Amino acid sequence: MTTPLRRLTAATLAALAALLAGASLAPQAFAQGAQAPSAAPAAADGPKTPLPAPTPRAAQPGGDRRAAADPDWPCIQPKVGALSYGQMWSGAPLEQALETWRQDEAVADLVPVIVARRTKPEEAAAAIDKFAKDAGAEKNAKLTLLFAGAFEELNTTRSAILTGIERYARKQRTLSEKIKQESLKLASERKDMATQNSPEFQQKEQARDWDTRIYDERSQALTYVCESPVILEQLAFTLGREIQARMD
């Protein structure tokens, strides 16, 4: 069993943690010993990498799986809302299994193992094999519960990431506007040589540069994190295929 989930790098996971915690970066968040960026003349129109204004997205194939155009969605990847198990599961309906899978101790123990990032593909496959053999005559019913649990856990995590990405994007828009206003004010004050050389002006310029650096760091992290919902969706498809392959 192969899965793209292993592409979640340390940088991605760190950014994910910040998203899910609702954390905001600050100058102290940069590497220890980092020097503040040197003051440099800035364009009056804001940061070098401003958040693009939201633009309408073309309709996407896939029916109601695709969320409507969302100004809070900053990713190139189309936003797909809550997953539907019907597209990755051809077995029995899961409505009841989604309600009861935690009541089966073996299922409840295995689900977090097969959805965990640290679990290697071959380890997950071996665990599913053993689970299917141990289930005996109840194999199909138990495997149905197993997929229901994996699907629910992945869907819940993925939904939290979507919410975090949108929250992050709103913060970026706010920061982008702040940098723009700071740059406009600095450009106006720079016309006066005495003001330009004052300590107060230098402090304002350094604060603007810090804000710009924070913005750029966030943008880079968001680029990685935007892949995560797709990766989790692909893992759900992979687990569904692997589990169904072991059913009679």
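Quick notes on this one:
- You can think of it this way: the chain between Asp248 and Ser188 has 14.2 nm of extra reach, that is 0.36 nm per residue less the Cα-Cα gap.
- Modelled spin-label separation between Asp70 and Glu95, with each label point placed 7 Å from Cα along the Cα-to-Cβ direction: 2.6 nm.
- What the phi angles of the range 223-238 give under the Karplus curve with 6.51, -1.76 and 1.60, with θ = phi - 60°, is a coupling list of 4, 5, 5, 4, 6, 4, x, 5, 4, 5, 5, 5, 5, 4, 4, 5 Hz, glycine and proline written as x.
- Solvent-accessible surface (1.4 Å probe) assigned to Glu123 amounts to roughly 90 Å².
- Computed accessible area, Thr174, all protein chains, 1.4 angstrom probe, square angstrom: 100 Å²
- Whole-Hz ³J(HN,Hα) from phi, Karplus 6.51 cos²θ - 1.76 cosθ + 1.60, for the range 214-219, glycine and proline x: 4, 4, 5, 4, 5, 4
- Share of carbon and sulfur in the accessible area of the range 120-172 stands at 53%, probe radius 1.4 Å.
- Accessible-area value, Glu227, 1.4 Å probe, nucleic acids and ligands omitted, Å²: 70 Å²
- Amide H to amide H distances under 5 Å link Gly81 with Ala67, where only residues 5 or more positions off or on other chains count and H is placed in the peptide plane.
- Listed values for the range 126-132 are Karplus-derived 3J(HN,Hα) couplings in whole Hz (6.51 cos²θ - 1.76 cosθ + 1.60, θ = phi - 60°), namely 5, 5, 5, 4, 4, 4, 5, and x replaces Gly and Pro.
- Computed from the Cβ-Cβ distance with R0 of 41 Å, the FRET efficiency linking Glu200 to Arg167 stands at 0.75.
The values are calculated or read from the model by the stated rules, or taken from the named source; none is laboratory data. All figures in this text were calculated on a predicted structure; none of them were measured in a lab. As a convention, Cβ positions derive from the backbone with ideal geometry for all residues, glycine included, and neighbour counts pool all protein chains shown. To get the accessible areas, we keep the full protein, side chains included, count just its heavy atoms, and leave off ligands, DNA and RNA. Shrake-Rupley method; radii C 1.70, N 1.55, O 1.52, S 1.80 Å.
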